[in-house]
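Participant: Here it is, the structure in full.
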Amino acid sequence: MIFCGYSIIFYMSVKFGSLCGLLKMRFCFKLPTQAILQEENMSDAGNTPLHIDLRRHLREQDENRDLIRLICEIAEASKYIINAINTGDLGMAGTSNLYGEEQLALDVLSDRIITKRLMYSGVVACIASEERDDIMDVDAKNDQKYSVAFDPLDGSSLVDVNLAVGTIVSIYQGGNLLQPGRNQVAALYILYGPRTTLVYSTGKGVHEFGMNSLMEYTLNAENIRMNDGKAKVYSPGGQRSQYSAGTEKFVQYLEENGAKLRYSGGFVPDFNQVLIKRSGLFMYPHLKSAPDGKLRLLYELNPMAFLIEQAGGAASNGLKSILDIQPEEIDDRAPVFIGSRDAIAMAERCIGELG
Ligand code: F6P
Ligand code: MN
(Lines give C-alpha, C1' and ligand atoms only; values in the text may rest on other atoms or scores of the structure.)
(Ligands and ions follow the chains in the order given, each with its own letter.)
Protein backbone atom coordinates (compact mmCIF):
# COMPACT_ATOMS: atom_id res chain seq x y z
CA MET A 1 0.00 0.00 0.00
CA ILE A 2 2.74 2.42 1.09
CA PHE A 3 4.77 1.34 -1.95
CA CYS A 4 1.78 1.97 -4.18
CA GLY A 5 1.35 5.49 -2.71
CA TYR A 6 5.00 6.31 -3.36
CA SER A 7 4.66 5.02 -6.94
CA ILE A 8 1.71 7.32 -7.57
CA ILE A 9 3.62 10.31 -6.17
CA PHE A 10 6.67 9.38 -8.25
CA TYR A 11 4.52 8.95 -11.38
CA MET A 12 2.84 12.29 -10.83
CA SER A 13 6.08 14.16 -10.28
CA VAL A 14 7.58 12.63 -13.44
CA LYS A 15 4.46 13.67 -15.36
CA PHE A 16 4.63 17.14 -13.81
CA GLY A 17 8.34 17.39 -14.68
CA SER A 18 7.83 16.43 -18.30
CA LEU A 19 4.86 18.80 -18.55
CA CYS A 20 7.12 21.62 -17.34
CA GLY A 21 9.74 20.51 -19.86
CA LEU A 22 7.17 20.60 -22.62
CA LEU A 23 5.91 24.00 -21.57
CA LYS A 24 9.47 25.25 -21.46
CA MET A 25 10.08 23.93 -24.97
CA ARG A 26 6.90 25.55 -26.25
CA PHE A 27 7.95 28.76 -24.58
CA CYS A 28 11.34 28.60 -26.26
CA PHE A 29 9.76 27.98 -29.66
CA LYS A 30 7.41 30.91 -29.21
CA LEU A 31 9.93 33.40 -27.90
CA PRO A 32 13.36 32.44 -29.19
CA THR A 33 15.08 35.73 -28.39
CA GLN A 34 13.81 35.72 -24.84
CA ALA A 35 14.98 32.15 -24.41
CA ILE A 36 18.38 33.06 -25.79
CA LEU A 37 18.66 35.99 -23.41
CA GLN A 38 17.81 33.70 -20.52
CA GLU A 39 20.49 31.27 -21.63
CA GLU A 40 23.00 34.09 -22.00
CA ASN A 41 22.45 35.17 -18.45
CA MET A 42 23.46 31.69 -17.42
CA SER A 43 26.94 32.43 -18.74
CA ASP A 44 27.64 34.98 -15.99
CA ALA A 45 30.22 32.60 -14.53
CA GLY A 46 32.42 33.13 -17.62
CA ASN A 47 32.83 36.18 -19.78
CA THR A 48 31.73 34.62 -23.04
CA PRO A 49 28.10 35.07 -24.04
CA LEU A 50 26.63 31.88 -25.51
CA HIS A 51 24.48 31.21 -28.57
CA ILE A 52 26.00 33.92 -30.71
CA ASP A 53 26.48 32.76 -34.24
CA LEU A 54 29.28 33.84 -36.52
CA ARG A 55 27.26 36.33 -38.57
CA ARG A 56 25.83 38.00 -35.48
CA HIS A 57 29.28 38.20 -33.91
CA LEU A 58 30.70 39.85 -37.03
CA ARG A 59 27.79 42.30 -37.12
CA GLU A 60 28.28 43.18 -33.49
CA GLN A 61 31.93 43.91 -34.24
CA ASP A 62 30.61 46.47 -36.74
CA GLU A 63 32.38 44.86 -39.66
CA ASN A 64 31.90 45.89 -43.27
CA ARG A 65 28.93 44.03 -44.80
CA ASP A 66 31.03 42.66 -47.65
CA LEU A 67 33.66 41.34 -45.27
CA ILE A 68 30.93 39.65 -43.23
CA ARG A 69 29.59 38.11 -46.41
CA LEU A 70 33.04 36.88 -47.40
CA ILE A 71 33.75 35.24 -44.05
CA CYS A 72 30.30 33.65 -43.98
CA GLU A 73 30.81 32.27 -47.51
CA ILE A 74 33.98 30.55 -46.33
CA ALA A 75 32.17 29.21 -43.26
CA GLU A 76 29.47 27.84 -45.61
CA ALA A 77 32.09 26.24 -47.85
CA SER A 78 33.54 24.41 -44.84
CA LYS A 79 30.33 22.37 -44.54
CA TYR A 80 30.91 20.90 -47.98
CA ILE A 81 34.56 20.25 -47.16
CA ILE A 82 33.49 18.35 -44.04
CA ASN A 83 31.19 16.27 -46.20
CA ALA A 84 34.02 15.57 -48.65
CA ILE A 85 36.35 14.56 -45.80
CA ASN A 86 33.75 12.28 -44.24
CA THR A 87 32.44 10.63 -47.35
CA GLY A 88 35.13 10.90 -50.01
CA ASP A 89 36.98 7.85 -51.26
CA LEU A 90 40.56 8.45 -50.31
CA GLY A 91 41.70 8.19 -53.92
CA MET A 92 44.51 10.16 -55.42
CA ALA A 93 43.85 12.85 -58.03
CA GLY A 94 43.69 11.34 -61.49
CA THR A 95 42.58 7.89 -60.31
CA SER A 96 39.09 6.56 -60.81
CA ASN A 97 36.59 5.11 -58.36
CA LEU A 98 34.59 1.86 -58.47
CA TYR A 99 32.38 3.26 -61.20
CA GLY A 100 35.26 4.40 -63.35
CA GLU A 101 34.60 8.06 -62.55
CA GLU A 102 37.52 10.38 -62.15
CA GLN A 103 38.13 11.33 -58.53
CA LEU A 104 39.57 14.47 -57.14
CA ALA A 105 42.01 14.45 -54.26
CA LEU A 106 40.47 16.09 -51.20
CA ASP A 107 42.71 19.13 -51.38
CA VAL A 108 41.78 19.74 -55.03
CA LEU A 109 38.11 19.27 -54.23
CA SER A 110 38.31 21.61 -51.23
CA ASP A 111 40.00 24.20 -53.43
CA ARG A 112 37.14 24.02 -55.93
CA ILE A 113 34.52 24.28 -53.20
CA ILE A 114 36.02 27.47 -51.78
CA THR A 115 37.08 29.06 -55.08
CA LYS A 116 33.61 28.71 -56.57
CA ARG A 117 31.95 30.38 -53.60
CA LEU A 118 34.50 33.19 -53.60
CA MET A 119 34.20 33.82 -57.34
CA TYR A 120 30.45 34.28 -57.16
CA SER A 121 30.35 36.11 -53.84
CA GLY A 122 30.45 39.52 -55.54
CA VAL A 123 32.92 40.84 -52.96
CA VAL A 124 36.22 39.35 -54.14
CA ALA A 125 38.98 41.10 -56.10
CA CYS A 126 41.65 38.34 -56.38
CA ILE A 127 42.03 34.74 -55.28
CA ALA A 128 45.21 32.78 -54.60
CA SER A 129 45.12 29.18 -53.48
CA GLU A 130 47.92 26.84 -52.48
CA GLU A 131 46.45 24.43 -55.01
CA ARG A 132 46.83 26.82 -57.95
CA ASP A 133 49.87 28.25 -59.72
CA ASP A 134 48.52 31.72 -60.47
CA ILE A 135 46.48 34.46 -58.88
CA MET A 136 42.90 34.54 -60.21
CA ASP A 137 41.76 38.01 -61.16
CA VAL A 138 38.06 38.35 -60.37
CA ASP A 139 37.83 42.16 -60.10
CA ALA A 140 41.39 43.13 -59.18
CA LYS A 141 41.04 46.87 -59.79
CA ASN A 142 38.21 47.25 -57.33
CA ASP A 143 39.66 48.65 -54.09
CA GLN A 144 36.42 48.07 -52.22
CA LYS A 145 36.60 44.30 -52.75
CA TYR A 146 38.78 41.78 -50.96
CA SER A 147 41.61 39.51 -52.00
CA VAL A 148 41.86 36.09 -50.46
CA ALA A 149 44.81 33.70 -50.15
CA PHE A 150 44.02 30.29 -48.73
CA ASP A 151 45.20 26.78 -48.11
CA PRO A 152 42.01 24.78 -48.79
CA LEU A 153 42.96 21.62 -46.92
CA ASP A 154 46.19 21.86 -45.00
CA GLY A 155 47.64 18.51 -43.98
CA SER A 156 45.39 16.65 -46.44
CA SER A 157 47.71 13.63 -46.39
CA LEU A 158 46.65 13.13 -42.76
CA VAL A 159 43.05 12.33 -43.71
CA ASP A 160 43.79 8.70 -44.60
CA VAL A 161 45.29 8.16 -41.13
CA ASN A 162 42.33 10.01 -39.60
CA LEU A 163 44.25 12.88 -38.05
CA ALA A 164 42.98 16.46 -37.94
CA VAL A 165 43.27 18.82 -40.91
CA GLY A 166 42.25 22.41 -41.59
CA THR A 167 41.51 25.30 -43.93
CA ILE A 168 43.56 28.50 -43.54
CA VAL A 169 42.46 31.87 -44.97
CA SER A 170 44.09 35.30 -45.31
CA ILE A 171 42.14 38.39 -46.40
CA TYR A 172 43.34 41.79 -47.71
CA GLN A 173 41.39 44.78 -48.92
CA GLY A 174 41.92 45.61 -52.63
CA GLY A 175 43.57 43.61 -55.38
CA ASN A 176 47.14 43.19 -54.09
CA LEU A 177 48.13 39.90 -52.48
CA LEU A 178 51.87 40.51 -52.55
CA GLN A 179 52.06 42.72 -49.47
CA PRO A 180 53.25 42.14 -45.89
CA GLY A 181 50.89 40.13 -43.71
CA ARG A 182 50.52 43.08 -41.36
CA ASN A 183 48.17 44.61 -43.93
CA GLN A 184 45.66 41.74 -43.65
CA VAL A 185 42.19 42.89 -42.68
CA ALA A 186 41.15 39.44 -41.48
CA ALA A 187 42.42 35.91 -41.04
CA LEU A 188 40.78 32.67 -40.02
CA TYR A 189 41.16 28.94 -39.92
CA ILE A 190 38.78 26.03 -39.65
CA LEU A 191 39.91 22.91 -37.86
CA TYR A 192 38.31 19.60 -38.84
CA GLY A 193 39.02 17.48 -35.79
CA PRO A 194 36.80 15.42 -33.48
CA ARG A 195 34.83 18.67 -33.55
CA THR A 196 34.88 21.44 -36.12
CA THR A 197 35.98 24.84 -34.89
CA LEU A 198 36.51 28.17 -36.61
CA VAL A 199 38.87 30.83 -35.28
CA TYR A 200 38.86 34.32 -36.78
CA SER A 201 40.15 37.81 -36.27
CA THR A 202 39.35 41.05 -38.06
CA GLY A 203 41.95 42.88 -35.99
CA LYS A 204 39.68 43.14 -32.94
CA GLY A 205 40.81 40.12 -30.95
CA VAL A 206 40.66 36.42 -31.69
CA HIS A 207 37.43 34.46 -31.36
CA GLU A 208 36.68 30.75 -31.46
CA PHE A 209 33.43 29.21 -32.73
CA GLY A 210 32.28 25.61 -32.61
CA MET A 211 30.06 23.93 -35.18
CA ASN A 212 26.84 22.67 -33.62
CA SER A 213 24.58 19.81 -34.70
CA LEU A 214 22.81 22.16 -37.13
CA MET A 215 26.17 22.95 -38.72
CA GLU A 216 26.06 26.53 -37.42
CA TYR A 217 29.14 28.14 -35.93
CA THR A 218 28.39 29.44 -32.43
CA LEU A 219 30.71 31.34 -30.15
CA ASN A 220 32.97 29.26 -27.87
CA ALA A 221 35.46 31.84 -26.66
CA GLU A 222 35.91 35.53 -27.22
CA ASN A 223 39.14 37.55 -27.10
CA ILE A 224 41.50 34.64 -26.62
CA ARG A 225 44.76 35.84 -25.03
CA MET A 226 48.04 33.93 -24.74
CA ASN A 227 49.32 33.56 -21.18
CA ASP A 228 52.67 34.93 -20.08
CA GLY A 229 55.35 32.61 -18.80
CA LYS A 230 57.02 29.43 -19.92
CA ALA A 231 55.84 27.50 -22.97
CA LYS A 232 54.01 24.35 -21.88
CA VAL A 233 54.15 22.52 -25.21
CA TYR A 234 56.17 22.71 -28.41
CA SER A 235 55.47 21.32 -31.88
CA PRO A 236 58.70 21.01 -33.84
CA GLY A 237 58.45 20.39 -37.59
CA GLY A 238 61.33 19.12 -39.76
CA GLN A 239 64.10 16.64 -38.91
CA ARG A 240 66.14 17.57 -35.89
CA SER A 241 69.39 16.45 -37.55
CA GLN A 242 68.74 19.24 -40.08
CA TYR A 243 68.35 21.98 -37.46
CA SER A 244 70.80 24.89 -37.30
CA ALA A 245 72.91 25.42 -34.16
CA GLY A 246 70.56 28.23 -33.07
CA THR A 247 67.41 26.08 -33.39
CA GLU A 248 69.13 23.19 -31.62
CA LYS A 249 70.02 25.48 -28.72
CA PHE A 250 66.43 26.72 -28.60
CA VAL A 251 65.05 23.16 -28.46
CA GLN A 252 67.43 22.32 -25.61
CA TYR A 253 66.23 25.42 -23.77
CA LEU A 254 62.59 24.36 -24.22
CA GLU A 255 63.25 20.84 -22.96
CA GLU A 256 65.24 22.05 -19.95
CA ASN A 257 62.37 24.36 -19.09
CA GLY A 258 59.74 21.65 -19.03
CA ALA A 259 58.03 22.10 -22.42
CA LYS A 260 56.41 18.88 -23.63
CA LEU A 261 56.62 17.72 -27.23
CA ARG A 262 53.19 17.71 -28.92
CA TYR A 263 53.34 17.26 -32.69
CA SER A 264 50.54 15.89 -34.86
CA GLY A 265 52.02 16.81 -38.24
CA GLY A 266 49.13 19.13 -39.11
CA PHE A 267 49.83 22.84 -38.88
CA VAL A 268 46.23 23.78 -38.06
CA PRO A 269 45.71 21.37 -35.12
CA ASP A 270 49.25 21.93 -33.84
CA PHE A 271 48.80 25.70 -33.93
CA ASN A 272 45.28 25.47 -32.54
CA GLN A 273 46.56 23.56 -29.53
CA VAL A 274 48.96 26.38 -28.71
CA LEU A 275 46.31 29.07 -29.13
CA ILE A 276 43.49 27.35 -27.28
CA LYS A 277 45.78 26.21 -24.42
CA ARG A 278 47.12 29.77 -24.50
CA SER A 279 50.72 28.60 -24.15
CA GLY A 280 53.52 27.02 -26.18
CA LEU A 281 54.75 27.25 -29.73
CA PHE A 282 54.82 25.66 -33.14
CA MET A 283 57.93 25.83 -35.29
CA TYR A 284 59.02 24.74 -38.72
CA PRO A 285 62.53 26.20 -38.76
CA HIS A 286 65.09 26.78 -41.48
CA LEU A 287 66.75 23.46 -42.17
CA LYS A 288 70.22 22.71 -43.51
CA SER A 289 68.45 21.02 -46.43
CA ALA A 290 65.72 23.70 -46.72
CA PRO A 291 66.90 27.19 -45.68
CA ASP A 292 63.39 28.64 -46.13
CA GLY A 293 61.70 25.91 -44.12
CA LYS A 294 58.55 24.35 -45.54
CA LEU A 295 55.49 26.45 -44.85
CA ARG A 296 54.12 29.06 -47.24
CA LEU A 297 54.02 32.70 -46.26
CA LEU A 298 50.79 33.69 -48.02
CA TYR A 299 48.63 30.65 -47.39
CA GLU A 300 49.81 29.39 -44.03
CA LEU A 301 52.08 31.72 -42.08
CA ASN A 302 50.61 35.20 -42.55
CA PRO A 303 47.09 34.29 -41.40
CA MET A 304 48.33 32.35 -38.36
CA ALA A 305 50.80 35.16 -37.52
CA PHE A 306 47.96 37.69 -37.68
CA LEU A 307 45.88 35.56 -35.32
CA ILE A 308 48.68 34.93 -32.82
CA GLU A 309 49.64 38.63 -32.66
CA GLN A 310 45.99 39.48 -32.11
CA ALA A 311 46.06 37.04 -29.18
CA GLY A 312 49.14 38.69 -27.65
CA GLY A 313 51.61 36.10 -28.95
CA ALA A 314 54.32 36.41 -31.60
CA ALA A 315 55.42 34.91 -34.91
CA SER A 316 58.94 35.17 -36.29
CA ASN A 317 61.12 33.69 -39.02
CA GLY A 318 63.91 33.67 -36.41
CA LEU A 319 65.03 37.19 -37.25
CA LYS A 320 61.92 39.32 -37.64
CA SER A 321 58.17 39.22 -37.43
CA ILE A 322 56.49 37.07 -40.07
CA LEU A 323 54.02 39.92 -40.64
CA ASP A 324 56.82 42.27 -41.74
CA ILE A 325 58.14 40.06 -44.54
CA GLN A 326 57.54 41.44 -48.03
CA PRO A 327 56.55 38.51 -50.26
CA GLU A 328 58.13 38.31 -53.71
CA GLU A 329 56.09 35.43 -55.12
CA ILE A 330 52.81 33.85 -54.11
CA ASP A 331 54.51 30.57 -53.21
CA ASP A 332 57.26 32.04 -50.99
CA ARG A 333 58.18 29.94 -47.97
CA ALA A 334 59.63 31.08 -44.64
CA PRO A 335 60.92 29.46 -41.46
CA VAL A 336 58.51 29.98 -38.58
CA PHE A 337 58.49 30.15 -34.78
CA ILE A 338 54.98 31.00 -33.59
CA GLY A 339 53.30 31.07 -30.18
CA SER A 340 54.00 32.48 -26.70
CA ARG A 341 55.74 35.81 -26.84
CA ASP A 342 58.60 34.92 -24.46
CA ALA A 343 59.38 31.67 -26.25
CA ILE A 344 59.54 33.39 -29.64
CA ALA A 345 61.82 36.09 -28.21
CA MET A 346 64.08 33.28 -26.93
CA ALA A 347 64.06 31.63 -30.39
CA GLU A 348 65.12 34.94 -31.95
CA ARG A 349 67.93 35.26 -29.40
CA CYS A 350 69.26 31.76 -30.18
CA ILE A 351 68.99 32.20 -33.96
CA GLY A 352 70.48 35.72 -33.80
CA GLU A 353 73.46 34.33 -31.88
CA LEU A 354 74.07 31.01 -33.63
CA GLY A 355 72.09 31.12 -36.88
O1 F6P B 1 51.18 22.05 -45.45
C2 F6P B 1 52.26 21.66 -44.79
C3 F6P B 1 52.12 20.63 -43.67
O4 F6P B 1 51.34 19.54 -44.01
C5 F6P B 1 51.65 21.23 -42.35
O6 F6P B 1 50.32 20.99 -42.07
C7 F6P B 1 52.56 20.56 -41.34
O8 F6P B 1 52.82 21.39 -40.23
C9 F6P B 1 53.79 20.26 -42.11
O10 F6P B 1 53.46 20.23 -43.48
C11 F6P B 1 54.37 18.96 -41.70
O12 F6P B 1 55.55 18.76 -42.36
P13 F6P B 1 56.44 17.49 -42.07
O14 F6P B 1 55.75 16.36 -42.77
O15 F6P B 1 57.77 17.80 -42.67
O16 F6P B 1 56.50 17.29 -40.59
MN1 MN C 1 49.43 23.38 -46.26
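The values are calculated or read from the model by the stated rules, or taken from the named source; none is laboratory data. Just so it is clear, the model here is predicted, and its values are computed rather than measured. No Cβ is skipped: glycine too gets one built from the backbone with ideal geometry, and neighbour counts run over all protein chains shown.
Participant: Just give me the residues in the range 332-355 being farther than 17 Å from ALA245 by Cβ, within 20 Å of the chain's Cα centre (by Cα) and in a loop (DSSP other than H, G, I, E, B), in sequence order.
Facilitator: The answer is ALA334, SER340.
Participant: Identify, from the list ILE82, ILE113, the residue that is under 25 Å from LEU178 (Cα atoms), modelled with pLDDT of 95 or more and in a helix (DSSP H, G or I).
Facilitator: After ruling out the rest, the residue left standing is ILE113.
Participant: Here's a follow-up. Just to be sure I understand, how many residues within the range 248-303 are farther than 25 Å from VAL159 by Cβ, more than 16 Å from ligand 1 (Cβ to nearest atom) and in a helix (DSSP H, G or I)?
Facilitator: Final tally of qualifying residues: 8.
Participant: Considering each of ASP292, ASP342, ASP270 in turn, give the residue that is within 16 Å of ligand 2 (Cβ to nearest atom) and more than 24 Å from TYR200 (Cβ to Cβ).
Facilitator: Testing whether each residue is within 16 Å of ligand 2 (Cβ to nearest atom) and more than 24 Å from TYR200 (Cβ to Cβ) leaves just ASP292.
Participant: Output the qualifying pairs, or none if there are none: Cβ atoms under 6 angstrom, residues six or more apart or on different chains, first residue in the range 238-262 and under 25 Å from ARG333 (Cα atoms), second residue assigned to a helix (DSSP H, G or I).
Facilitator: Every condition considered, the pairs that remain are ALA245/LEU354; GLY246/CYS350; GLY246/ILE351; GLY246/LEU354; LYS249/CYS350; LYS249/LEU354; PHE250/ALA347; PHE250/CYS350.
Participant: Might you check whether a residue that is away from ligand 1 (no atom under 16 Å from the Cβ), of a type in the set (Ser, Thr, Tyr) and under 25 Å from LYS294 (Cβ atoms) occurs anywhere in the range 142-154?
Facilitator: yes
Participant: Any idea which of GLN184, GLN179, GLN173 is over 20 Å from ILE81 (Cα atoms), touching a residue at least 24 places away in the same chain (Cβ under 8 Å) and buried (at least 20 other Cβ atoms within 10 Å of the Cβ)?
Facilitator: Going through GLN184, GLN179, GLN173 in turn, the sole match is GLN184.
Participant: Follow-up question, since we're still on this one. Condition first: under 11 Å from GLY280 (Cβ atoms) and within 16 Å of ligand 2 (Cβ to nearest atom). Now tell me which residues in the range 221-242 satisfy that.
Facilitator: Residue satisfying the conditions is SER235 alone.
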